[in-house]
């Protein structure tokens, strides 16, 4: 359980990066983060292992990196910049439910009628956070209404991307006991860094959206911090949890990311949640815990 808690605390900081660096595009943030991730991974003692990885494992690493790192973070960064940290983290916080349903064949699944209650809570919670996001955007006059809805769509895209990654990564790790959690995390960093390097010319071809040159030191400082904290250490902790826990229980631990992201987000904004945000948090987190309880009743 401690592995998942530590991963959630570190991953929650990922939601802050797009808010801190709002002048940079989601693609720039993604490429910057994973260039730093790949560079950090190559600096660590990994060179012998690089030559021992099979071609099949490299292809799997590239596919997982594209799905769970590049695509996920582009969508997440766009969502945070368009609707904010709280709505994005609450929607991505539905990952435990998606992961548990995906892994339910291993342990069985509750009858569909028993899932109606928690699913209804999460649907109403999603509606509440969508309404709050729209009202906040319209009231501030800082973004058009379509941007709020588009940001929510991006958040749901990030949800599906990471849930698919969690399932695929966990199954592949089970089939590859020869890799330690730390080694698999660093190999993922190398693969993602290589993909980010290919995207770098596209990401940094247009720098007109970024602020003056004074922002670039902050950009790379945040990217390196996220690379070490979330990508290297956080992923290693998550791989350790994935190897030791069943998929249904692993899904529960992702909820820590949501809780820490909400905490960091409200601290960054310097405010308390608005009424609809309180309602959404209670309903969506309550629905997740209710679903977890139903699934855990099927397994001692």
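Only the coordinates and a few stated rules stand behind these numbers; no lab work does. Predicted model, so just to flag it, every value in this text is computed and none were measured. We place every Cβ from the backbone using ideal geometry, glycine too, and count neighbours over all the protein chains shown.
For the pair residue 278 and residue 233, a Förster radius of 25 Å applied to the C-beta separation gives a FRET efficiency near 0.20, rounded to the nearest 0.05. Taking label positions 7 Å along the Cα-Cβ direction at both residue 168 and residue 63, the computed distance is 0.6 nm, reported to one decimal.
Peptides 86-93, 154-161, 275-282 ordered by packing proxy, namely the average of other Cβ atoms within 10 Å per residue, highest first: 86-93, 154-161, 275-282. Counting every other Cβ atom within 10 Å of each residue's Cβ, 53, 97 order from fewest to most as 53, 97. Subtracting the Cα-Cα distance of residue 205 and residue 271 from their residue separation scaled by 0.36 nm leaves 20.1 nm. Working from label points 7 Å from Cα in the Cα-to-Cβ sense, the residue 48 to residue 175 distance is 2.7 nm.
Packing, taken as the mean count of other beta carbons within 10 Å per residue, orders the peptides 66-79, 165-178, 221-234 from highest to lowest as 66-79, 221-234, 165-178.
Within region 1-86, the proportion of C-alpha pairs whose separation exceeds 18 Å stands at 56%.
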